[in-house]
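Notes follow the structure.
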Amino acid sequence: MSAPENPKLKISSEMAAVRDHRRDFPAFRFVYPVISRRAKGLSLGINLNPDKRCNFNCVYCEVDRSRPGLQIQPTPESVREELDRLVGAIREGALGRDPRFAGLDAAELTIRDFAFSGDGEPTLVPDFDRFVEAVAGTRRDCGEEQAKIVLITNAAGLDKAAVRRGLRILDANGGEVWAKLDAGTEEHYRLVNRSFVRFQRILDNIRRTALERPIVIQTLFLKIRGEPMPPAEFDAYCRRLEEITAAGGRIKEIQAYTIARPAPEPWAARLSAEELEAFAEALRRRLGAAVGVYP
Ligand code: SF4
């Protein structure tokens, strides 16, 4: 089930801090604060890919790869140091002095999650488990145990040994995996995610991960050349999810969302809120799943 909305939170897609996902909070290279609708409040993002490296090339990706990324590599120690410092700065009121966070009260500035989410795929870093350990250390030692640790991933690396060790650390520290699945067929996956990784590997990784812990599926629905996902593709996508649950995998929630900002490909466009809700409702009816909608 999705967490209930906190009525005190004034989170809407119109808020400056929601619209503004720039990862340029001064003096930090690998961490950034953002008001996240999906976190339902303040999220501290951890960007393990300032170099913009990813093994997907999604048609809707918001990362501007026309400009080179930063040639700096995070280490577990540098992430831990920055995260400790960011938590300390937030407690001293740093966000209240930033116009992007103006008008939010203390409750709204409570940290809801630490999210591995940045300019690329976080599981591409070597020793991913040591980064999870670093974030778990901040969460524990700074007394922020109300906050989840979320891994937002395209699932391609969930079978790597260091990532699997990292997932076990996540499990022990209030963690969640949010795995991308945008397609039901190899063909649609190639069209939307444009990855060299085999689609079957993505499916196997999601299933295996969901067998070991409940996971969240993130699906971006969009229009391609003016057409939303065709019924046959939607049926195949639902069947992939049914196969995961039939095998014993647990899907805690499906997050249905669409393109938020202009896509780099002119033939890829966002759905209206009504169109997205129609997909979400079809998912609820067919799978009986909890579906959160983020137009
Ligand atoms: S997986 Fe994420 S970072 Fe990578 S191309 Fe897709 S949207 Fe961009």
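Just so you know, all these numbers are worked out from the coordinates, no wet-lab data involved. None of these values were measured; they are calculated from a predicted model. Note: ideal-geometry Cβ built from the backbone for every residue, glycine included; neighbour counts use all protein chains shown.
Divide by every residue of the chain the summed helix terms, -39500 (n - 2.57) for each DSSP H run of at least 4, and state the resulting mean residue ellipticity at 222 nm, rounded to the nearest 500 deg cm²/dmol.
Values: 8 runs with 98 residues, N = 295.
Result for the chain: -10500 deg cm²/dmol, rounded to the nearest 500.
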Response to the item:
For residue 40, the aspartates and glutamates lying under 13 Å Cα to Cα, once residues fewer than eight places off in the same chain are dropped, come out as 5, 108, 113
Discussion item. Taking the beta-carbon count within 10 Å as an exposure proxy, list 72, 217 from fewest neighbours to most.
Written reply: 72, 217
Practice prompt. Restricting things to alpha carbons, find the Rg to Rh ratio for segment 185-227 using the Kirkwood radius for Rh.
Written response: 1.04
Worksheet item: If you check each cysteine of the chain for another cysteine whose beta-carbon is under 4.7 Å away, which ones come up empty?
Response: 54, 142, 238
Discussion item. Can you tell me the orientation of helix 76-91 relative to the chain, as the angle in degrees between its alpha-carbon axis and the longest Cα principal axis, to the nearest 10?
Written reply: 70 degrees
Practice prompt. Pairs to check: 148/180; 180/252; 52/148; 223/252. Give those whose C-alpha atoms are more than 21 Å from each other in this structure.
Written response: 52/148; 223/252
Fill in: C-alpha long axis of helix 273-287 to longest principal axis of the chain, angle in °
70 degrees
Worksheet item: So for 207, 261, fewest C-beta neighbours within 10 Å to most, what's the order?
Response: 261, 207
Worksheet entry | Leading residue at positive end of dipole, the chain (Cβ point charges), from 241, 268, 147 | 241
Item to complete: Please get the size of the charge dipole for the chain, origin at its Cα centre, with Cβ charges of +1 on Lys and Arg and -1 on Asp and Glu, quoted in debye to the nearest 20.
Response: 220 debye
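What's the exposure ranking of 198, 80, going from fewest to most Cβ atoms within 10 Å? All intermediate terms of the calculation are to be shown ahead of the outcome.
Values: 198 12, 80 22.
Ordered from fewest to most neighbouring Cβ atoms within 10 Å, 198, 80 come out as 198, 80.
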Item to complete: With everything on Cα atoms, drop me the angle between helix 231-246 and the longest principal axis of the chain, reported from 0 to 90° to the nearest 10.
Response: 70 degrees
Response to the item:
From the Cα centre of segment 139-185 to that of segment 76-114, the distance in Å is 21 Å
